[in-house]
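Here the structure comes first, spelled out in structure tokens, and everything after it is commentary.
The values are calculated or read from the model by the stated rules, or taken from the named source; none is laboratory data. Here the structure is a predicted model, which is why all the values come from computation and not from measurement. Glycine gets a Cβ as well: all are built from the backbone with ideal geometry, and neighbour counts include every protein chain shown. For the accessible areas, the whole protein counts, side chains as well, though only heavy atoms, and no ligand, DNA or RNA atoms are used. Shrake-Rupley method; radii C 1.70, N 1.55, O 1.52, S 1.80 Å.
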Amino acid sequence: MSDLPDVFDPRRYAAGPPHDDYRDLRERRPVAWQEEYEVLGWPAGPGFWAVTRHADVVRVLKDATAYSSALGATQIRDPAPDDLPFIRRMMLNQDPRPGAGGAGTHDHGRLRRLVSRAFTPRRVDRFETAVRARARTLLTAARDGAEDGVFDLVGEVTDDYALLNLADLLGVPGADRGLLLEWTERVIGYQDPDEPPVLGPDGRPVNPRSPAMLREMFAYAQELAAHKRREPGDDLMTALAHGELTDAELEMFFFLLTVAGNDTVRGAAPGGFLALAEHPDQRRALRAGEVALDTAVDELLRWHPPVLTFRRTAAVDTALAGQRIRAGDKVVVFHASANHDERVFTAPHRLDLARTPNPHVSFGDGPHVCLGAHFARLQLRVLHEEALRVFPALALAGPPRRLVSNFINGVKSLPLHGS
């Protein structure tokens, strides 16, 4: 039996990323084999290589020739073979160049260029006024409605903030915005006991990314696109609906933008506030203007990356950090570990809002680096700016409740005392 730490079990993450175990792996076995046993009703898998050092994580993310997103998609769990062609329609699960068998690869560059043209910094920046007003409104309402000064940042601020900002960017009508949260929670929370999975005829959980589970969302995407062709607006769905996407590609983009666009900020925002509440000296420095907010936001992202892991599949026999890897092996990068690698970050377990340079991998790297990173940073910066005005002081009023997941670094509840 291996004496190496287990960093697979989703239940371990209910207490936060296991940084002591990450450090142990970085020191002793930076590319370590992990058993993929049955857990939380999900069947056992063949196991995978856990990559925990920053340099190796970056290498895997950048080298799409050796480490494919298409061969087995990007989740640790293997998708059902019948679902894999469907899952490969999403840009996230494609490779930028033809790889082994050319599987799911040929459209990545074209799709990324199309969406990049729609997801422009100028379009995103035009949303800043609305985003700022929303942040101020939500934070003020939380302050004024707090009993004895205590409120739940997630339930009263950040969930709505992320959702409504994304809905504005996409152009989703107000009456439909709750659907975005419902769909996001179904896909993101599938490992969490508070979000019981849908069971198939065999009694096993159904993959939330399977065609059957996404049918409702895809039908809505087509309805929304048809509406945007009749009544265009200054939003992403209008740009995509008038672009060169096929119906299937548009559906997958709506899925990707809805889930990734919502949960990036939904995970990062409370994580950043938790870090500041646990480090009041850093928040005081931020409020005093001793630290630039843009720099602070990147440090908070390093400290609490919204995504914990992404999977690749070895397309060829290769080696990483001296470890031989066979074609077909699963290779999983651990973002939170890379962000705390002592080889790259001085005193990585110290929150330093003035840290620069800060080459964190919270938005990935290489051909799949997050297209929405600019929009996410804008939202986080504005939210912290407004919070510093509304709440001169913030302190923890109780322990956070975290998402049970080895994929998303989620916070379900964060009780704060504001004054």
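Annotations
- When the chain is described by a simple charge dipole with +1 on each Lys and Arg Cβ and -1 on each Asp and Glu Cβ, the residue from Leu353, Tyr22, Tyr190 located farthest towards its positive end is Leu353.
- Near Arg26: Cβ cut-off under 12 Å, other residues only, Lys/Arg at +1 and Asp/Glu at -1. The net charge is -2.
- Per residue, the chain exposes 40 Å² of accessible surface when a 1.4 Å probe is rolled over the protein heavy atoms with every protein chain present.
- Taking every alpha-carbon pair under 8 Å whose residues sit at least 6 apart, the stretch 1-98 reaches a relative contact order of 18 percent.
- Relative frequency of Cα-Cα separations exceeding 19 Å in the stretch 166-281, percent: 53 percent
- Full extension of the chain segment joining Arg229 with Thr140 gains 28.3 nm, where the gain is 0.36 nm per residue of separation less the Cα-Cα distance.
- Short-range pairs are left out: with C-alpha atoms under 8 Å and at least six residues apart, the relative contact order of the chain is 26 percent.
- Highest-MSF residue in the chain out of Val60, Val344, Val332 [GNM, Cα springs under 10 Å]: Val344
- Residues whose amide H comes within less than 5 Å of that of Gly410, counting only those at least five positions distant or on another chain, are Leu403 (H built at 1.01 Å from N in the peptide plane).
- Kirkwood radius, the stretch 136-185, all distinct C-alpha pairs, inverse of mean reciprocal distance: 11.8 Å.
- Computed with a 1.4 Å probe on the full set of protein chains, the accessible area for Ile188 sits at about 10 Å².
- Separation of the Ser116 and Ser413 label points, Cα + 7 Å toward Cβ, nm: 4.4 nm
- Globularity index of the chain is 0.96 (Cα radius of gyration / 2.2 N^0.38 Å, N = number of residues).
- Unit charges on C-beta of K, R, D, E only; dipole of the chain, Debye: 1080 debye
- Neighbourhood charge, 12 Å Cβ-Cβ cut-off, centred on Leu353 and excluding it, Lys, Arg +1 and Asp, Glu -1: 0
- Selected from Ala141, Ala296, Ala277 as most flexible by GNM, with the chain as the system and alpha-carbon contacts under 10 Å: Ala141
- Within the accessible area of the chain (1.4 Å probe), percent carbon and sulfur: 52 percent
- For the stretch 340-419, the convex hull drawn through the C-alpha positions has a volume of 149 cubic angstrom per residue.
- Linear extension gain, Arg324 paired with Ala80, 0.36 nm per residue minus alpha-carbon span: 85.2 nm
- The stretch between Glu35 and Ala354, if pulled fully straight at 0.36 nm per residue, gains 111.0 nm over its current Cα-Cα span.
- Treating r as the C-beta distance of Ala393 and Arg343 and R0 as 56 Å, the FRET efficiency rounds to 0.95.
- Shown here: the stretch 261-407, whose C-alpha atoms stretch 55, 31, 30 Å along the first, second and third principal axes, sorted largest to smallest.
- Net charge of neighbours whose Cβ lies under 10 Å from the Cβ of Asp159, counting Lys and Arg as +1 and Asp and Glu as -1: -2
- Calculated from the alpha-carbon coordinates, the stretch 1-86 shows an Rg and a Dmax of 14.2, 39 Å respectively.
- Extending 7 Å from Cα along the Cβ direction at Asp20 and again at Asp6 yields two label points whose distance is 1.7 nm.
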